[in-house]
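In what follows, a single structure is set out as structure tokens and then discussed.
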Amino acid sequence: MIGITLSSEQVRTAPPEVRFWIERQVATSLGLQVRATAYQTSFEGLRICNLDELRDIFSLIQHSVPAVHVLFELGRKGASFAEGELEAYRLPDIQHHAGLQTVGQVVACLESINQSLHRVRGTTNSMLCVVENGFCVVATVTQENLLRLWQELICRADIATDSPGTIPTGTPSLRESAFPNKIGRPAPFPAPGA
């Protein structure tokens, strides 16, 4: 058997899934009942977003390139925890991948994304993501739906240009062209050659 000592600072700054694991190990070793809903209080407002809601969020933030980059960073596979129901991302990793200067910019983008969800749902008690201890947490189903949206946008861009991986110049934004709905989106791309 090997023992390990962690300072309170190390535990406090550990990723959520590590803190949860430590909590379970300590509770089990002391013979205590392990809480089944350990994340309920920390992530109380976190909600699953379906594909239509994510399209609407994208339509609201599409003119903010940093926010769009951050939104789609949440479509990457993160560190899975809570029996695979949540994904965690380090804020510095999002900053790096999105090409932003500071973690503060990442947090501002995440706040903008959450505000967009409030507009889409007409309520302020739901969040697409939660920021805690240097991490951003989203529901795994939301992460998977963001990946689907990204793939949908790339596919539409490929179809519109007949050239995979390129976006035509002088074309309306992908959101304006690809997703008509109740938030005032125009009609989809015309058929190639039309």
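The values are calculated or read from the model by the stated rules, or taken from the named source; none is laboratory data. All values reported here derive from a predicted model rather than from experimental measurement. Every residue, glycine among them, receives a Cβ derived from its backbone with ideal geometry; neighbour counts consider all protein chains shown.
Scanning segment 74-132 for residues that are aliphatic (A, V, I, L, M), over 15 Å from ILE48 (Cα atoms) and in contact with a strand residue (DSSP E or B) (Cβ under 7 Å, 6 or more places away or on another chain) yields ALA79, LEU91, ILE94, VAL107, LEU110. Report yes if GLN40 is at pLDDT 95 or above, assigned to a loop (DSSP other than H, G, I, E, B), of a type outside the set (A, V, I, L, M) and surrounded by fewer than 19 Cβ atoms within 10 Å (Cβ to Cβ), otherwise no. Considered against the rule, which asks whether it is at pLDDT 95 or above, assigned to a loop (DSSP other than H, G, I, E, B), of a type outside the set (A, V, I, L, M) and surrounded by fewer than 19 Cβ atoms within 10 Å (Cβ to Cβ), GLN40 comes out as no. When LEU153 is tested against (1) modelled with pLDDT of 95 or more; (2) in a helix (DSSP H, G or I), just one condition goes unmet, and that condition is (1). Out of all the residues in segment 75-94, is one or more under 14 Å from the mean Cα position of the chain (by Cα), under 18 Å from SER126 (Cβ atoms), buried (at least 19 other Cβ atoms within 10 Å of the Cβ) and modelled with pLDDT under 95? Yes, there is a match, as at least one residue in segment 75-94 is under 14 Å from the mean Cα position of the chain (by Cα), under 18 Å from SER126 (Cβ atoms), buried (at least 19 other Cβ atoms within 10 Å of the Cβ) and modelled with pLDDT under 95.
Residues that are touching a residue at least 40 places away in the same chain (Cβ under 8 Å) and within 14 Å of the chain's Cα centre (by Cα) within segment 112-128 comprise SER112, ILE113, SER116, LEU117, SER126, MET127, LEU128, listed in sequence order. Taking the criterion of being surrounded by 12 or more Cβ atoms within 10 Å (Cβ to Cβ) and either assigned to a helix (DSSP H, G or I) or at pLDDT 95 or above (or both), would at least one residue in segment 182-192 satisfy it? No.
Yes or no, residue by residue, for (1) among the hydrophobic types (A, V, I, L, M, F, W, C); (2) under 16 Å from the mean Cα position of the chain (by Cα); (3) assigned to a loop (DSSP other than H, G, I, E, B); (4) modelled with pLDDT of 90 or more:
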position	(1), (2), (3), (4)
GLY104	no, no, no, yes
LEU110	yes, yes, no, yes
VAL130	yes, yes, no, yes
CYS136	yes, yes, no, yes
ASN145	no, yes, no, yes
ILE159	yes, no, no, no
GLY165	no, no, yes, no
THR171	no, no, yes, no
